[in-house]
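Following: one structure in C-alpha coordinates, then a few remarks.
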Amino acid sequence: MKKIMITGASGLLGRALFNTFSDHFEVIGTAFSRASEPLVPLNLTDFRALEDFLITHKPHYLIHAAAERRPEVCLENPELTQQLNVSLPAALANLCHQHQVELFFISSDYVFDGTSPPYAETAQPAPLNDYGISKYQAEQAVLAYPQHNVVRIPVLYGAVEKIDESALTITWQQLIQSNAPKMDNWAVRYPTHVDDIAKTLKAIITQLDKSERGGVFHISDTTPYTKFQLACALADAFGYDKSQITAMDSPVGQAARPQNCQLSDNRLAKKGILYQRDAIKGLIEAVRPFVKQPEV
Ligand SMILES: NC(=O)c1ccc[n+]([C@@H]2O[C@H](COP(=O)([O-])OP(=O)(O)OC[C@H]3O[C@@H](n4cnc5c(N)ncnc54)[C@H](OP(=O)(O)O)[C@@H]3O)[C@@H](O)[C@H]2O)c1
(Lines give C-alpha, C1' and ligand atoms only; values in the text may rest on other atoms or scores of the structure.)
Protein backbone atom coordinates (compact mmCIF):
# COMPACT_ATOMS: atom_id res chain seq x y z
CA MET A 1 0.00 0.00 0.00
CA LYS A 2 1.33 3.46 -0.91
CA LYS A 3 1.98 5.82 1.97
CA ILE A 4 0.88 9.47 1.88
CA MET A 5 1.64 12.20 4.38
CA ILE A 6 -0.82 15.10 4.71
CA THR A 7 0.19 18.25 6.56
CA GLY A 8 -2.53 20.52 7.92
CA ALA A 9 -4.72 17.43 8.35
CA SER A 10 -6.70 19.15 11.12
CA GLY A 11 -7.67 21.98 8.74
CA LEU A 12 -10.65 22.39 6.43
CA LEU A 13 -8.99 20.86 3.37
CA GLY A 14 -6.69 18.53 5.31
CA ARG A 15 -9.62 16.73 6.98
CA ALA A 16 -11.19 16.02 3.58
CA LEU A 17 -7.85 14.82 2.22
CA PHE A 18 -7.31 12.55 5.22
CA ASN A 19 -10.77 10.96 4.84
CA THR A 20 -10.61 10.63 1.05
CA PHE A 21 -7.20 8.99 0.92
CA SER A 22 -7.77 6.69 3.91
CA ASP A 23 -9.47 3.90 1.95
CA HIS A 24 -6.64 3.10 -0.50
CA PHE A 25 -3.55 4.63 1.13
CA GLU A 26 -1.70 4.43 4.38
CA VAL A 27 -2.28 8.01 5.52
CA ILE A 28 -0.17 9.92 8.02
CA GLY A 29 -1.92 13.17 8.91
CA THR A 30 -0.03 15.81 10.86
CA ALA A 31 -1.47 18.71 12.83
CA PHE A 32 -0.29 21.36 15.24
CA SER A 33 -2.66 22.89 17.82
CA ARG A 34 -5.47 20.43 16.97
CA ALA A 35 -3.41 17.25 16.89
CA SER A 36 -5.60 14.51 18.32
CA GLU A 37 -5.82 10.82 17.29
CA PRO A 38 -5.45 9.69 14.55
CA LEU A 39 -3.44 12.82 13.66
CA VAL A 40 0.19 13.13 14.68
CA PRO A 41 1.55 16.31 16.30
CA LEU A 42 4.33 17.96 14.30
CA ASN A 43 5.50 21.56 14.35
CA LEU A 44 6.40 21.93 10.70
CA THR A 45 8.49 25.03 11.32
CA ASP A 46 10.96 22.81 13.19
CA PHE A 47 12.75 21.69 10.02
CA ARG A 48 14.97 19.17 11.83
CA ALA A 49 11.93 17.45 13.34
CA LEU A 50 10.32 17.56 9.91
CA GLU A 51 13.27 15.81 8.28
CA ASP A 52 13.39 13.20 11.06
CA PHE A 53 9.67 12.62 10.51
CA LEU A 54 10.18 12.08 6.76
CA ILE A 55 13.09 9.71 7.37
CA THR A 56 11.07 7.74 9.94
CA HIS A 57 7.84 7.47 7.96
CA LYS A 58 9.20 7.42 4.38
CA PRO A 59 5.99 8.47 2.58
CA HIS A 60 5.72 8.07 -1.19
CA TYR A 61 3.70 11.30 -1.48
CA LEU A 62 3.26 14.40 0.63
CA ILE A 63 0.34 16.82 0.30
CA HIS A 64 1.31 20.05 2.01
CA ALA A 65 -1.93 21.75 3.05
CA ALA A 66 -0.71 23.53 6.21
CA ALA A 67 -0.48 27.31 5.77
CA GLU A 68 -1.80 30.63 6.98
CA ARG A 69 -4.57 31.29 4.47
CA ARG A 70 -6.19 34.46 5.83
CA PRO A 71 -4.97 37.55 3.90
CA GLU A 72 -5.50 39.94 6.83
CA VAL A 73 -3.50 37.68 9.20
CA CYS A 74 -0.70 37.51 6.61
CA LEU A 75 -0.77 41.30 6.27
CA GLU A 76 -0.43 41.75 10.02
CA ASN A 77 2.13 38.96 10.61
CA PRO A 78 4.84 39.15 7.96
CA GLU A 79 7.33 36.98 9.92
CA LEU A 80 4.83 34.19 10.49
CA THR A 81 3.77 34.38 6.85
CA GLN A 82 7.36 34.17 5.64
CA GLN A 83 8.13 31.23 7.90
CA LEU A 84 4.96 29.20 7.43
CA ASN A 85 4.01 30.06 3.86
CA VAL A 86 7.43 30.50 2.18
CA SER A 87 10.41 29.09 4.14
CA LEU A 88 8.54 25.92 5.14
CA PRO A 89 7.36 24.85 1.66
CA ALA A 90 10.78 25.74 0.25
CA ALA A 91 12.49 23.53 2.86
CA LEU A 92 9.91 20.82 2.28
CA ALA A 93 10.54 20.86 -1.48
CA ASN A 94 14.24 20.29 -0.85
CA LEU A 95 13.70 17.60 1.80
CA CYS A 96 11.18 15.76 -0.38
CA HIS A 97 13.65 15.86 -3.26
CA GLN A 98 16.42 14.45 -1.05
CA HIS A 99 14.22 11.67 0.30
CA GLN A 100 12.42 10.76 -2.96
CA VAL A 101 9.00 11.98 -1.84
CA GLU A 102 6.67 13.47 -4.48
CA LEU A 103 5.35 16.78 -3.15
CA PHE A 104 1.94 18.32 -3.81
CA PHE A 105 2.03 21.92 -2.60
CA ILE A 106 -1.41 23.48 -2.15
CA SER A 107 -1.40 27.00 -3.55
CA SER A 108 -4.10 29.54 -4.31
CA ASP A 109 -5.89 31.46 -7.06
CA TYR A 110 -4.68 34.56 -5.18
CA VAL A 111 -1.34 34.27 -7.02
CA PHE A 112 -3.20 36.07 -9.85
CA ASP A 113 -4.26 39.71 -9.90
CA GLY A 114 -7.78 38.94 -11.10
CA THR A 115 -7.80 41.37 -14.03
CA SER A 116 -7.81 38.91 -16.96
CA PRO A 117 -9.57 35.62 -16.15
CA PRO A 118 -9.63 32.77 -16.84
CA TYR A 119 -6.08 31.81 -15.87
CA ALA A 120 -4.42 28.76 -17.41
CA GLU A 121 -1.78 26.77 -15.54
CA THR A 122 0.84 28.58 -17.64
CA ALA A 123 -0.45 32.12 -16.91
CA GLN A 124 1.98 34.50 -15.24
CA PRO A 125 1.14 35.12 -11.55
CA ALA A 126 0.98 38.71 -10.28
CA PRO A 127 -0.26 38.55 -6.67
CA LEU A 128 -1.86 41.60 -5.07
CA ASN A 129 -1.56 40.86 -1.35
CA ASP A 130 0.96 39.40 1.11
CA TYR A 131 -0.80 36.04 1.21
CA GLY A 132 -0.74 35.74 -2.60
CA ILE A 133 2.90 36.87 -2.70
CA SER A 134 3.85 34.24 -0.12
CA LYS A 135 2.11 31.51 -2.11
CA TYR A 136 3.81 32.61 -5.33
CA GLN A 137 7.24 32.65 -3.68
CA ALA A 138 6.63 29.15 -2.33
CA GLU A 139 5.47 27.95 -5.75
CA GLN A 140 8.75 29.07 -7.30
CA ALA A 141 10.75 27.12 -4.71
CA VAL A 142 8.63 24.00 -5.27
CA LEU A 143 8.76 24.23 -9.07
CA ALA A 144 12.56 24.24 -8.97
CA TYR A 145 12.07 20.44 -8.70
CA PRO A 146 10.30 19.17 -11.85
CA GLN A 147 8.86 16.10 -10.11
CA HIS A 148 6.99 18.23 -7.57
CA ASN A 149 3.47 19.60 -8.03
CA VAL A 150 1.85 22.97 -7.35
CA VAL A 151 -1.92 22.68 -6.97
CA ARG A 152 -3.80 25.98 -7.19
CA ILE A 153 -7.31 26.06 -5.75
CA PRO A 154 -10.00 28.74 -5.17
CA VAL A 155 -12.07 29.58 -2.10
CA LEU A 156 -13.17 26.47 -0.21
CA TYR A 157 -16.18 25.26 1.74
CA GLY A 158 -17.22 21.93 3.20
CA ALA A 159 -17.96 20.36 6.58
CA VAL A 160 -16.74 23.10 8.92
CA GLU A 161 -15.98 22.69 12.63
CA LYS A 162 -16.85 26.35 13.23
CA ILE A 163 -19.05 28.61 11.13
CA ASP A 164 -16.15 31.02 10.54
CA GLU A 165 -13.74 28.29 9.38
CA SER A 166 -14.49 28.94 5.70
CA ALA A 167 -14.58 32.35 4.02
CA LEU A 168 -17.95 31.23 2.61
CA THR A 169 -19.72 29.64 5.60
CA ILE A 170 -18.87 32.74 7.65
CA THR A 171 -21.39 34.54 5.42
CA TRP A 172 -24.20 33.04 7.51
CA GLN A 173 -22.66 34.35 10.74
CA GLN A 174 -22.29 37.80 9.17
CA LEU A 175 -25.94 37.72 8.09
CA ILE A 176 -27.40 36.84 11.48
CA GLN A 177 -25.06 39.05 13.53
CA SER A 178 -25.81 42.27 11.66
CA ASN A 179 -29.03 44.28 11.41
CA ALA A 180 -28.03 45.60 7.98
CA PRO A 181 -25.46 43.20 6.51
CA LYS A 182 -23.29 44.44 3.66
CA MET A 183 -22.02 41.76 1.28
CA ASP A 184 -19.31 41.92 -1.36
CA ASN A 185 -20.87 41.96 -4.82
CA TRP A 186 -17.60 42.99 -6.53
CA ALA A 187 -15.32 39.96 -6.18
CA VAL A 188 -16.28 36.95 -8.30
CA ARG A 189 -15.40 33.59 -6.77
CA TYR A 190 -15.70 29.93 -7.73
CA PRO A 191 -16.65 28.13 -4.50
CA THR A 192 -15.20 24.63 -4.50
CA HIS A 193 -16.03 21.84 -2.06
CA VAL A 194 -13.06 20.36 -0.19
CA ASP A 195 -14.28 16.83 -0.96
CA ASP A 196 -14.03 17.59 -4.70
CA ILE A 197 -10.47 18.91 -4.29
CA ALA A 198 -9.58 15.75 -2.33
CA LYS A 199 -11.13 13.42 -4.93
CA THR A 200 -9.31 15.27 -7.71
CA LEU A 201 -5.97 14.99 -5.93
CA LYS A 202 -6.56 11.30 -5.39
CA ALA A 203 -7.32 10.91 -9.12
CA ILE A 204 -4.14 12.83 -10.03
CA ILE A 205 -2.09 10.43 -7.92
CA THR A 206 -3.87 7.20 -8.83
CA GLN A 207 -4.87 7.80 -12.47
CA LEU A 208 -2.06 9.85 -13.95
CA ASP A 209 1.24 8.29 -14.83
CA LYS A 210 4.24 9.79 -13.04
CA SER A 211 5.36 11.25 -16.40
CA GLU A 212 2.01 13.15 -16.54
CA ARG A 213 2.52 14.72 -13.10
CA GLY A 214 4.86 17.49 -12.00
CA GLY A 215 4.39 21.24 -12.50
CA VAL A 216 1.20 23.24 -12.00
CA PHE A 217 -2.33 21.86 -11.69
CA HIS A 218 -5.49 23.95 -11.34
CA ILE A 219 -8.55 22.51 -9.59
CA SER A 220 -11.72 24.61 -9.52
CA ASP A 221 -15.47 24.46 -9.77
CA THR A 222 -16.80 26.53 -12.67
CA THR A 223 -19.84 28.46 -11.47
CA PRO A 224 -19.18 32.09 -10.51
CA TYR A 225 -20.76 33.71 -7.46
CA THR A 226 -20.31 36.88 -5.49
CA LYS A 227 -20.59 36.71 -1.73
CA PHE A 228 -23.78 38.81 -2.03
CA GLN A 229 -25.34 36.14 -4.26
CA LEU A 230 -24.36 33.38 -1.83
CA ALA A 231 -25.76 35.38 1.09
CA CYS A 232 -29.09 35.80 -0.72
CA ALA A 233 -29.21 32.05 -1.40
CA LEU A 234 -28.58 31.27 2.28
CA ALA A 235 -31.22 33.84 3.26
CA ASP A 236 -33.77 32.13 0.98
CA ALA A 237 -32.88 28.68 2.33
CA PHE A 238 -33.12 29.56 6.00
CA GLY A 239 -35.92 32.12 6.12
CA TYR A 240 -33.88 35.30 6.47
CA ASP A 241 -35.21 38.49 4.86
CA LYS A 242 -32.76 39.08 2.02
CA SER A 243 -34.05 42.60 1.37
CA GLN A 244 -31.97 43.53 4.47
CA ILE A 245 -28.73 42.68 2.62
CA THR A 246 -26.85 45.49 0.88
CA ALA A 247 -24.70 44.65 -2.17
CA MET A 248 -21.25 46.27 -2.03
CA ASP A 249 -20.03 47.01 -5.56
CA SER A 250 -16.47 47.98 -4.64
CA PRO A 251 -13.66 45.96 -2.98
CA VAL A 252 -13.99 45.16 0.74
CA GLY A 253 -11.38 44.01 3.30
CA GLN A 254 -8.13 45.44 4.58
CA ALA A 255 -5.89 43.35 2.31
CA ALA A 256 -6.15 43.90 -1.46
CA ARG A 257 -7.99 41.12 -3.24
CA PRO A 258 -8.23 40.06 -6.90
CA GLN A 259 -11.62 40.65 -8.53
CA ASN A 260 -11.86 37.46 -10.58
CA CYS A 261 -9.08 34.87 -10.67
CA GLN A 262 -10.97 32.03 -12.32
CA LEU A 263 -8.71 29.01 -12.72
CA SER A 264 -8.88 26.94 -15.92
CA ASP A 265 -8.10 23.32 -15.14
CA ASN A 266 -6.88 22.51 -18.67
CA ARG A 267 -4.54 19.67 -17.67
CA LEU A 268 -7.20 17.80 -15.71
CA ALA A 269 -9.95 18.46 -18.29
CA LYS A 270 -7.80 16.75 -20.94
CA LYS A 271 -7.63 13.69 -18.70
CA GLY A 272 -11.36 13.74 -17.90
CA ILE A 273 -10.72 14.34 -14.20
CA LEU A 274 -13.58 16.54 -13.02
CA TYR A 275 -15.40 16.58 -9.69
CA GLN A 276 -17.95 19.37 -9.29
CA ARG A 277 -21.25 20.08 -7.55
CA ASP A 278 -23.95 22.71 -7.08
CA ALA A 279 -22.21 25.21 -4.79
CA ILE A 280 -25.46 26.68 -3.45
CA LYS A 281 -26.73 23.26 -2.34
CA GLY A 282 -23.29 22.38 -0.96
CA LEU A 283 -23.01 25.63 0.99
CA ILE A 284 -26.51 25.25 2.44
CA GLU A 285 -25.54 21.78 3.71
CA ALA A 286 -22.32 23.14 5.21
CA VAL A 287 -24.17 25.94 7.02
CA ARG A 288 -27.25 23.91 8.08
CA PRO A 289 -25.76 22.53 11.37
CA PHE A 290 -25.26 26.13 12.56
CA VAL A 291 -28.78 27.41 11.77
CA LYS A 292 -31.05 27.75 14.77
CA GLN A 293 -34.15 29.13 13.02
CA PRO A 294 -36.70 26.70 11.59
CA GLU A 295 -36.14 26.18 7.87
CA VAL A 296 -38.86 27.51 5.51
N1 LIG B 1 -9.56 27.85 2.69
C2 LIG B 1 -9.58 28.40 1.49
O3 LIG B 1 -10.58 29.00 1.06
C4 LIG B 1 -8.37 28.27 0.59
C5 LIG B 1 -8.40 28.84 -0.69
C6 LIG B 1 -7.29 28.69 -1.53
C7 LIG B 1 -6.17 28.01 -1.07
N8 LIG B 1 -6.16 27.49 0.18
C9 LIG B 1 -4.97 26.77 0.64
O10 LIG B 1 -5.36 25.45 0.97
C11 LIG B 1 -4.55 24.96 2.05
C12 LIG B 1 -5.44 24.44 3.16
O13 LIG B 1 -6.22 25.53 3.63
P14 LIG B 1 -7.28 25.33 4.82
O15 LIG B 1 -8.36 26.32 4.64
O16 LIG B 1 -7.61 23.88 4.97
O17 LIG B 1 -6.39 25.78 6.07
P18 LIG B 1 -6.81 25.80 7.60
O19 LIG B 1 -8.17 25.19 7.78
O20 LIG B 1 -6.58 27.19 8.08
O21 LIG B 1 -5.75 24.82 8.28
C22 LIG B 1 -4.42 25.19 8.41
C23 LIG B 1 -3.66 23.97 8.87
O24 LIG B 1 -2.27 24.33 9.04
C25 LIG B 1 -1.82 23.74 10.25
N26 LIG B 1 -0.68 24.49 10.78
C27 LIG B 1 -0.59 25.80 11.02
N28 LIG B 1 0.62 26.10 11.54
C29 LIG B 1 1.30 24.93 11.65
C30 LIG B 1 2.59 24.55 12.13
N31 LIG B 1 3.47 25.46 12.62
N32 LIG B 1 2.96 23.25 12.10
C33 LIG B 1 2.10 22.33 11.63
N34 LIG B 1 0.87 22.61 11.14
C35 LIG B 1 0.47 23.91 11.17
C36 LIG B 1 -3.03 23.81 11.16
O37 LIG B 1 -2.87 22.91 12.23
P38 LIG B 1 -3.67 23.11 13.64
O39 LIG B 1 -5.02 23.66 13.31
O40 LIG B 1 -3.70 21.73 14.22
O41 LIG B 1 -2.86 24.08 14.45
C42 LIG B 1 -4.14 23.41 10.19
O43 LIG B 1 -4.22 22.00 10.09
C44 LIG B 1 -3.62 26.11 2.44
O45 LIG B 1 -2.40 25.96 1.78
C46 LIG B 1 -4.34 27.34 1.90
O47 LIG B 1 -3.43 28.38 1.61
C48 LIG B 1 -7.23 27.60 1.02
TODO: For region 1-104, count all C-alpha to C-alpha pairs, find those more than 18 Å apart, and express that count as a whole percent of the total.
DONE: 45
TODO: Please work out how much accessible surface Val291 shows to a 1.4 Å probe, ignoring ligands, DNA and RNA, in Å² rounded to 10.
DONE: 30
Open item on the list: I need the trypsin sites (Lys or Arg not before Pro) found in region 252-296, filtered to DSSP loop residues with at most 10 other beta carbons within 10 Å of theirs.
Closed with: Lys292
Open item on the list: Can you tell me how region 51-111 classifies by the Cα gyration tensor, rounded, prolate or oblate, using a/c under 1.5 as the rounded cut?
Closed with: prolate
- [ ] Would you mind giving the average projected area, over all directions, of the Cα convex hull of region 191-275 in nm² with one decimal?
- [x] 7.7
Task: Net +/- balance of residues flanking Gly29 in space, Cβ distance below 13 Å, scoring K and R +1, D and E -1 - done: +1
TODO: Report Ile133's accessible area, 1.4 Å probe, all protein chains in place, as a number in Å² to the nearest 10.
DONE: 70
Open item on the list: Using the Karplus curve 6.51 cos²θ - 1.76 cosθ + 1.60 with θ = phi - 60°, what ³J(HN,Hα) values do you get for each residue of region 176-183, in whole Hz, with x for Gly and Pro?
Closed with: 7, 8, 10, 6, 9, x, 10, 10
TODO: Can you send over the carbon and sulfur percentage of the accessible area for region 52-143, probe radius 1.4 Å, protein chains only?
DONE: 52
Task: Cα-Cα pairs of region 42-160 separated by more than 20 Å (percent) - done: 43
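Work through the residues other than Arg213 whose Cβ is under 14 Å from its Cβ and net out their charges, Lys, Arg +1 and Asp, Glu -1.
+2
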TODO: Might you tell me the accessible area per residue for the chain, computed with a 1.4 Å probe and given in Å²?
DONE: 45
- [ ] Please report the Cα spread of region 127-236 along all three principal axes, rounded to whole Å, starting with the longest.
- [x] 54, 30, 25
Task: Accessible surface ranking that places the most exposed of Ile176, Ile170 first, with a 1.4 angstrom probe - done: Ile176, Ile170
TODO: Tell me the Kirkwood hydrodynamic radius of region 36-82 in angstroms, computed as one over the mean inverse distance between distinct C-alpha pairs.
DONE: 12.8
Task: Trp186, Trp172, reordered so the largest accessible area comes first (probe 1.4 Å) - done: Trp186, Trp172
TODO: Please sort by residue number the trypsin sites (Lys or Arg not before Pro) in region 122-207 whose DSSP state is loop and whose Cβ has at most 16 other Cβ atoms within 10 Å.
DONE: Lys162
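Viscosity 1.306 mPa s, temperature 10 °C: give me the Stokes-Einstein translational D for the chain in µm²/s, with Rh taken as the Kirkwood radius over C-alpha pairs.
Numbers: Rh = 19.6 Å.
Once the numbers are plugged in, D ends up at 81 µm²/s.
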- [ ] Counting residues in region 226-296 as N, plug N into 2.2 N^0.38 Å and put the Cα Rg over that result.
- [x] 1.46
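The values are calculated or read from the model by the stated rules, or taken from the named source; none is laboratory data. All of these numbers come straight from a predicted model, not from anything done at the bench. Reconstructed Cβ throughout: ideal geometry from the backbone, glycine too, with neighbour counts over all protein chains shown. Surface areas here come from the heavy atoms of the whole protein model, side chains and all, with no ligands, DNA or RNA. Shrake-Rupley method; radii C 1.70, N 1.55, O 1.52, S 1.80 Å.
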